[in-house]
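Here the structure comes first, spelled out in structure tokens, and everything after it is commentary.
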Amino acid sequence: MSTHLPETKGEVFHFTTPDALFGILTSQRLWASSTTALEDAQELRHCLGLARRYCRDSADPRVPTLKKQVMDGLADRLGNPEVELRESFIVSFCSSQKESQHWTHFGRSGRGFAVGFRGAVLGRNPQSQFGPVVYSPKEQAQEIEESLKAALTEKTAESAINLFLEKLASLAPRMKGQNFSAEGESRLIWVDGNGTHGISKLRARSLGERIVPFREISPEHFGEARLPISSITMGCKIDSSLTRSIKNMLREEGYGEDEVAISKSTLRFR
């Protein structure tokens, strides 16, 4: 079930390693990682905690019976640490490739790449969501309230609770604590059960000591023959001689001569 996202029409950047860049170009696939394997396990709990507090604080014996049953039921469900939402998968992007903190944390301190994508194309398929992460507590509360109002149109408390939990599956990957706002992150989000056009079967890879489930997203998901890549920026520690190989790869995958801009970051790291 899709939840509306603000549009991100400009270029966004996916920071990655040299091996992963060549994998993206030659396979023409993006890897969307399961939110169950996020490095910060508290990310999803952030939204669930907000929703639980909202439901708990809104519970009032004077409100209509159905609403009180829903609020009480949701407060109980969300208070259970074992509560599960439908599995969601994300690809992360940044709004800029000119920030040193992005290169430090995501661009391997100049040893990686920033791949630019056309945001308008990433947001084309209604089976997935694409847009900026919500950091503002006020905006987060508004989105939770809107989803709850929609759920309360259901005829029974149980169906209203289930609908709200379905909406949370889409909301939770979009919300992070305000202290992370400098990241300027946008996310491509696909939630299990939302249609599988251009989405692969579930797979898994090793990342350090973690096992990360993921799904591949193909250009067909966006109605394109190729991934909507608009630029490739090399980190300052990448040998510029790779430019020729990158251009050859792009040409072999069907990109036009000037379709993808290739440059080198001027940000320096020790």
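The values are calculated or read from the model by the stated rules, or taken from the named source; none is laboratory data. A quick note: this is a predicted structure, and the numbers were derived from the prediction, not measured. Quick reminder, even Gly has a Cβ in these numbers, built from the backbone with ideal geometry, and neighbours come from all protein chains shown.
Just a few scattered comments:
- Filtered residue count, segment 219-252, keeping only those that are assigned to a loop (DSSP other than H, G, I, E, B), under 28 Å from Ile189 (Cβ atoms), touching a strand residue (DSSP E or B) at 6+ places or on another chain (Cβ under 9 Å) and not small (Gly, Ala, Ser): 2
- Of the residues making up segment 28-46, those that are buried (at least 18 other Cβ atoms within 10 Å of the Cβ) and either within 14 Å of the chain's Cα centre (by Cα) or modelled with pLDDT under 85 (or both) are Leu30, Trp31, Ala32, Ser33, Ser34, Thr35, Glu43, Leu44.
- Any pair with Cβ under 6 angstrom, 6 or more apart, that starts in segment 175-193 at a residue that is within 15 Å of Cys47 (Cβ to Cβ) and ends at one that is of a type in the set (Val, Ile, Thr) and in a strand (DSSP E or B): Met175/Val134; Arg187/Ile90; Ile189/Ile90
Table: residues versus (1) assigned to a helix (DSSP H, G or I); (2) closer than 25 Å to Ala32 by Cα; (3) of a type in the set (Gly, Ala, Ser).
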site	(1), (2), (3)
Leu148	yes, no, no
Leu165	yes, yes, no
Pro173	yes, yes, no
Ala182	yes, yes, yes
Ser186	no, yes, yes
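So that you can scan it fast, the table gives a plain yes or no per residue for (1) charged (D, E, K, R); (2) over 17 Å from the mean Cα position of the chain (by Cα); (3) modelled with pLDDT of 95 or more:
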position	(1), (2), (3)
Glu185	yes, no, no
Asp192	yes, no, no
Ile199	no, no, yes
Arg203	yes, yes, yes
Ser206	no, yes, no
Ile211	no, yes, no
Ser231	no, yes, yes
Met249	no, yes, yes
Glu252	yes, yes, yes
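- The residues of segment 83-109 that are assigned to a helix (DSSP H, G or I) and closer than 30 Å to Lys201 by Cβ amount to a single one, Arg108.
- Selected residue (criterion: surrounded by the fewest Cβ atoms within 10 Å (Cβ to Cβ)) from residues of segment 118-142 that are in a helix (DSSP H, G or I) and of a type in the set (S, T, N, Q): Gln142
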